[in-house]
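Working notes, beginning with the structure itself.
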Amino acid sequence: MGLNTELLRSSFNLVVEREPAITARFYGIFFDRYPQVVPMFSRNTPEKQQEMLTGALVAVLDHLEDAPWLASTLRTLGRRHEGYGVTAEMYDWVGECLLAAMAEVAGDDWSAEVEQAWVDAYGAIVSLTLND
Ligand code: HEM
């Protein structure tokens with residue numbers, strides 16, 4: 001994807017090592033800033049949702065160099081999300097809260113360069129997810 005894959009992986013690993021519950025922190029920030037989405041998450045327990053999101057993030061990071069896998073997996077994920085009532089605007093909310101959670105955990109190890117790498121990666125992920 002022309003992304004800084006080294007930096008994405010090293011920053012993600014640092015964050016997960018420091019805070020294995022990073023996805024729980026993400027949902028905390030997301031539900032706090034955008035309480036209107038809370039009722040959408042009623043089919044599964046928070047633990048199950050955190051596990052699914054972590055699994056998806058790890059799988060994407062494992063396939064950053066595999067464009068066909070990314071295109072097909074993310075498009076399928078995007079179609080399921082339409083069924084959950086997710087709109088394009090909500091992807092911006094998730095990106096903002098995901099980066100906020102990672103920046104909080106990374107602390108002094110977060111930088112403008114890491115931030116930019118994640119903005120680029122998340123943007124690429126969303127464009128594949130929403131790709132008709
Ligand atoms: C690129 C960003 C995203 C990723 C990687 C992601 C990943 C996932 C995964 C892996 C699942 C498990 C079920 C499935 O695979 O269909 C899921 C479910 C779900 N996601 Fe996302 N998601 C993203 C963005 C969003 C956004 C923007 C919303 C907006 C609110 C959202 C809301 C939901 C909901 C409501 C469910 C169903 C939860 C449940 O009922 O258990 N997701 N997501």
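Assorted remarks:
- Global form of the range 60-127, assessed from the alpha-carbon gyration tensor, a/c cut-off 1.5: oblate
- Helix-only [θ]222 nm of the chain, DSSP H runs n ≥ 4, -39500 (n - 2.57) each, per residue, nearest 500: -24500 deg cm²/dmol
- Of the trypsin sites (Lys or Arg not before Pro) found in the range 69-132, not one falls in a DSSP loop while having at most 16 other beta-carbon atoms within 10 Å.
- For the chain, hydrophobic long helices are taken as DSSP H runs at least 15 Å long by C-alpha position along their axis with mean Kyte-Doolittle hydropathy of -0.5 or more; these are 5-18, 22-33, 46-62, 88-106, 112-129.
- Taking every Cα-Cα distance in the chain and sorting them into 10 Å bins from zero, the calculated P(r) comes out as 11, 44, 38, 7 percent.
- Highest to lowest packing among 93-106, 59-72, 31-44, 12-25, scored as the average C-beta count within 10 Å: 93-106, 12-25, 59-72, 31-44
Throughout, read-outs are computed from the coordinates displayed, never taken from laboratory work. Note that this is a predicted model, so its numbers are computed, not measured. Reconstructed Cβ throughout: ideal geometry from the backbone, glycine too, with neighbour counts over all protein chains shown.
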